[in-house]
Amino acid sequence: MAYTDIDVKPARDNVKYVEFALDCLPEDVFNEKTFSSMHINFLRELKLGDTIQLFTGTAEDGTFYVEGMKPDRTQIFQSRAEMGIRRI
């Protein structure tokens, strides 16, 4: 975690968790689909110098899941992005 990622607490700015989740999605998602909803469950704060590992998964219905954990497996956040078909 870098200094520019923290807010005034100093803890990770919550917007960064959304960016982590979006960065894990496959590129074709942004070209072929639209977001119908995105949910983030903030479980714990990250502090300056903390490391996070990101784990991803996709359900049969196309819902994307991203979970952030510290190396000791402490859960930091969970996210779910539900997608729809892009209509032009």
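Structure notes:
- Calculated diffusion of the stretch 3-85, Stokes-Einstein form, Kirkwood radius summed over Cα pairs, 4 °C and 1.567 mPa s, µm²/s: 96 µm²/s
- The lysines within cross-link reach of Lys16, meaning a Cα-to-Cα straight distance under 18 Å and a gap of 8 or more places when in the same chain, are Lys47, Lys70.
Each value in this text was obtained by applying a stated rule to the coordinates, not by laboratory testing. As the structure is a prediction and not an experimental result, all values here were calculated from the model.
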